[in-house]
1. Suppose every K and R has +1 on its Cβ and every D and E has -1 on its Cβ; what is the size of the dipole of segment 2-186 about the Cα centre, in Debye to the nearest 20?
2. Could you give each residue of segment 57-64 its phi-based ³J(HN,Hα) in whole Hz, using Karplus coefficients 6.51, -1.76, 1.60 with θ = phi - 60°, and x for Gly or Pro?
3. In deg cm²/dmol and to the nearest 500, what is the mean residue ellipticity at 222 nm of the chain if only DSSP H runs of at least 4 residues count, each as -39500 (n - 2.57), divided by the residue total?
4. Which entries in the list Lys26/Lys125; Lys4/Lys150; Lys59/Lys159; Lys27/Lys59 go over 27 Å, if you measure between the two C-alpha atoms of each?
5. Compute the projected area of the convex hull of the Cα atoms of the chain, averaged over all viewing directions, and report it in nm² to one decimal place.
6. Below 8 Å, C-alpha to C-alpha, sequence gap of six or more: please give me the relative contact order for the chain in percent.
7. I want to make sure I understand the PRE zone here: with the label point 7 angstrom from the Cα of Ser192 toward its beta carbon, which residues in segment 55-83 have backbone N atoms less than 11 Å away?
8. Put +1 on the Cβ of each Lys and Arg and -1 on the Cβ of each Asp and Glu in the chain; which of Pro178, Ala97, Met78 then has its Cα farthest toward the positive end of the dipole?
Amino acid sequence: LHCKMIVKDVSAATMFDVLHDSRYRKKWDVTMQESFDIARLSANADVGYYSWRCPIPLKNRDVVTLRSWQITDDEYIMVNFSVKHPKFPPRSNLVRAVSIQTGYYIKATGPNSCIFTYLSQADPKGSLPKWVVNKASQVLAPKVMKSVHKAGQEYSNWKSQNSPDLKPWLHPEQNTLPMMDPAELSIQRADSLENVDESSKLDANEGEDSS
C-alpha cells in the first residue's frame, strides 16, 4: 500500500509532530481504541501498543510495534514493524495484527507545505478474504491521510494550550519512558499468530459489498 498527499497549508515539522503526539491522537483518530508508549530503546526509537476498532462483524485489532525515526534538514522519516513484547502478548478479545513494515516520509516543500507519503505492508490476520483486505485498504488509507492532514491544520492551536514545550520525540531529555533492552524483543512474524476465522460472518455481506 502506497499513498501520497501534497499538503499546501501545514509544515512538514507539524505533520511529524501529529504522528508522534499520543495525547493529541485521541482527538483525531476516530478508530483508535487504546494507544500508549511502552518503553524507549534509544533517543529515536521506542516500543508502543495500539488497538483499533474494526467494522462489525470483524473483531477489533491490535499491534505492538517498534518505531524509529530520523530527521534531516527538510525530511522526516518514521518506520515501524511488529515485535513480541513479553508483557504484552496477544489478547483473547482482539486479533493481533502484524505490521511487516509501515512508514511515513514527509518532505518539506516550503515553510508551510510538504509532501506526505504513507507506505504500509501489513497482515491484518484472521482469515479474511483477500477482497475484504484490499477493499478496506483502498478505502481506509486515503481516509487516514485526510484525517492526519486535518489534524495537522488544528495541531498548533491545540498544542499551544497543551504542554506546548513538551515534545520528547524531538527532545530526548524530556522522555520519561523506562529504558528497555532491545534483546527482550523479537520480531513478530505473521505465521506464528492464530488465524481467527471471520470469513463466515462476511458471507452475508459479500454479494453487496463486492459489487
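Each value in this text was obtained by applying a stated rule to the coordinates, not by laboratory testing. Just so you know, these numbers come straight off a predicted model, no measurement behind them. Counting neighbours? That spans all protein chains shown, and the Cβs are built from the backbone with ideal geometry, glycine included.
1. Magnitude of the dipole: close to 960 debye.
2. Here the 3J(HN,Hα) series is x, 6, 6, 5, 10, 8, 9, 10 Hz.
3. That calculation yields -8500 deg cm²/dmol at 222 nm.
4. From the list (Lys26/Lys125; Lys4/Lys150; Lys59/Lys159; Lys27/Lys59), the Cα-Cα distance tops 27 Å for Lys59/Lys159.
5. For the Cα atoms of the chain, the hull's average projected area reads 12.4 nm².
6. Once normalised by length, the contact order is 26 percent.
7. 83
8. Farthest towards the positive end: Ala97.
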